[in-house]
Amino acid sequence: MGDGFQYFDIILLALVAAFLVLRLRNVLGRRTGTERPAEPVRPPLAKRDVGGDNVVNLTEASAREAVAPAGKAQGDGLAQIRAADPQFDPAAFLQGARGAFQMIVGAFASGDTGTLRPLLSDDVYERFAEAIRQRVAAKETQETNIVSIKSHEISDAELQGRTAFITVKFVSEQINILRAADGTVIEGEPDQVHEKTDFWTFARNLRSQDPNWLLVATRST
């Protein structure tokens, strides 16, 4: 009897996980059947050097060689994106961006590269994957708890050729702990909540048949 309930729980959790992934894909982008022929989605990104620390956090992992493009006024940028893609819905995009923020932060902390791969550009994924590999090699574990997302809003938008870039400002309350192999805390405090302000830039080639936006840059203040 107990084994039957455990099997039912596993099936239920799998269904819930599948629903969340499908929901995230729907709100970050949809296929309408009217998209133009596909072409490469990866835009070239400017590069910068970021000093390395012994502990690599989420922002450092993605920002080493991926920075947001110089932005125009938000309103002008959004107007250009809407003109190029009449299906674009800022409210739906923000809903998807919020879901992506929670999913990516959680996946990075747990070392789940399978979840990260379809949500990140190639450059950002490599930064994240390398940070995870270093953490695993050091036998360290990251614990991240997003207590709340106080606000999330579009802070910048720009159309560069056929590629749209949208930067979202997230203000969240988080608990971040880094533990050694024996469980001792290396960084952070388990009962200490910190407010973080992050700027995440998402990009999409508006002529691509792929409806999904990719995270191409992050920074924090």
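The values are calculated or read from the model by the stated rules, or taken from the named source; none is laboratory data. Just so it is clear, the structure is predicted and the values come from calculations on it, not from any experiment. With ideal geometry, Cβ positions are generated from the backbone for all residues, glycine too; neighbour counts draw on all protein chains shown.
The table below gives the values:
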{"item": "Count of residues meeting criterion [of a type outside the set (D, E, K, R), over 30 Å from Pro211 (Cα atoms) and in a helix (DSSP H, G or I)] in the stretch 125-141", "result": "3"}
{"item": "Some residue of the stretch 124-143 being of a type in the set (A, V, I, L, M, F, W, C), closer than 30 Å to Arg82 by Cβ, within 13 Å of the chain's Cα centre (by Cα) and buried (at least 20 other Cβ atoms within 10 Å of the Cβ)", "result": "yes"}
{"item": "Residue in the stretch 148-166 that is over 25 Å from Pro90 (Cα atoms) and of a type in the set (Asp, Glu) present", "result": "no"}
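One line per residue, one yes/no per condition, for (1) at pLDDT 95 or above; (2) within 28 Å of Asp76 (Cβ to Cβ):
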residue: Gly161; (1), (2): yes, yes
residue: Thr167; (1), (2): yes, yes
residue: Val171; (1), (2): yes, yes
residue: Gln174; (1), (2): yes, no
residue: Ala180; (1), (2): yes, no
residue: Pro190; (1), (2): no, no
residue: Asp198; (1), (2): yes, yes
residue: Arg204; (1), (2): yes, yes
residue: Arg207; (1), (2): no, yes
